[in-house]
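K.L.:
Encoded as structure tokens, here's the structure I'll be asking about.
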Amino acid sequence: MNNPWETVSLSDYEQHMSSDDVMQLQTLNDMMRTQLVSFPADTAMILGIAGGNGLEHISTDKYRKVYGVDVNEGYLDEVKKRYAALDGCLECICADLTDDKVSLPHAGLLIADLLIEYIGYDCFERVISVTEPEYISCGVQIDTGSGFVSESPLTHSFDCLGSIHRSISPSVLTGRLECIGYDLISSQEYLLPNGKKLIRTDHRRTGGTI
Ligand SMILES: C[S@@+](CC[C@H](N)C(=O)[O-])C[C@H]1O[C@@H](n2cnc3c(N)ncnc32)[C@H](O)[C@@H]1O
């Protein structure tokens with residue numbers, strides 16, 4: 001079965017996420033800026049890159065390679081068009097991260113914003129074991145009682161995602177990453193206008209086996 005994300009139009013997604021009541025695209029852009037400048041890594045992998053929100057913060061002086069991964073090939077085609085100036089640094093990889101045979105290159109920094117909600121803890125750990133990053137930075141949404149998709153005129157475009165979405169707890173995520181050798185080094189909350197919030201947690205490999 002195809003991943004339901006392959007049926008979501010990028011313009012619906014971006015229009016919904018950037019609407020005044022949702023404001024997530026703007027908030028995720030700010031989070032990505034922090035993530036891309038904060039760690040001593042010269043390679044990065046962004047999981048669930050969608051339309052490439054925040055890629056304008058990539059410095060080609062800092063990064064020799066940034067991989068953008070997504071299951072939706074149409075999104076990646078748009079990313080390549082939007083960020084043609086990053087050609088040679090940015091490499092798009094179309095892959096379903098829930099595939100247990102997924103093959104990905106190593107990256108020093110692994111970024112996953114609003115992605116773990118769609119692949120789950122086990123699968124995220126498998127991706128970590130394949131890419132072996134030194135640093136991991138994750139953004140997760142803390143849902144309020146109103147459901148995981150915020151209200152906007154486009155809310156129903158995302159009904160298909162209900163079958164794969166799960167809530168992620170930053171403390172459970174942090175505990176699971178500690179168990180595979182990654183310690184929490186910082187975290188930040190980002191408040192959204194509709195009462196929801198995003199939490200970014202940053203982790204550094206300190207030992208253990210992946
Ligand atoms: C909520 S969006 C992420 C938003 C993005 N990080 C941002 O800052 O705007 C989730 C993204 O993850 C991708 N995705 C979901 N499940 C996936 C999977 N199993 N494998 C690869 N990509 C996936 C979707 O296609 C979508 O682009």
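Read-outs throughout are calculated quantities, based only on the coordinates presented, and are distinct from any laboratory measurement. Here the structure is a predicted model, which means the values were calculated and not measured. Quick reminder, even Gly has a Cβ in these numbers, built from the backbone with ideal geometry, and neighbours come from all protein chains shown.
K.L.:
Once you have the Kirkwood Rh of the range 1-103 from its Cα pairs, apply Stokes-Einstein at 37 °C and 0.692 mPa s and quote D in µm²/s. Intermediate results must be reported in sequence, preceding the final value.
P.N.:
On the way: Rh = 14.4 Å.
Answer, rounded: 227 µm²/s.
K.L.:
Hey, another quick one. Checking the cross-link filter: which aspartates and glutamates have an alpha carbon closer than 19 Å to that of Lys197, excluding same-chain neighbours under 8 positions apart?
P.N.:
Glu14, Asp20, Asp21, Asp30, Asp113, Glu117, Asp143, Glu151, Glu189
K.L.:
Suppose every Lys and Arg Cβ carries +1 and every Asp and Glu Cβ carries -1, with no other charges. What dipole size does the range 4-205 come out with about its Cα centre, to the nearest 20 debye? Walk me through the intermediate numbers first.
P.N.:
On the way: 16 positive and 31 negative charges, 99 e Å.
Dipole size: approximately 480 debye.
K.L.:
Please give me, ordered by residue number, the trypsin sites (Lys or Arg not before Pro) of the range 28-84 that lie in loop per DSSP and have at most 13 other Cβ atoms within 10 Å.
P.N.:
Here the trypsin sites (Lys or Arg not before Pro) that fit, given the DSSP loop and packing criteria, are Arg64.
K.L.:
Find the Rg to Rh ratio for the chain, where Rh is the Kirkwood radius over alpha-carbon pairs and Rg uses the same atoms.
P.N.:
0.93
K.L.:
To the nearest 20 debye, what charge dipole does the range 31-120 have about its Cα centre, counting +1 at the Cβ of each Lys and Arg and -1 at the Cβ of each Asp and Glu? Present the calculation step by step, with values, prior to reporting the outcome.
P.N.:
Values: 8 positive and 14 negative charges, 70 e Å.
That gives a dipole near 340 debye.
K.L.:
Let me ask another. Compare the Cα positions of Thr206, Leu55, Asn29 along the charge dipole of the chain (+1 at Cβ of Lys, Arg; -1 at Cβ of Asp, Glu; about the Cα centre) and return the one farthest towards the positive end.
P.N.:
Thr206
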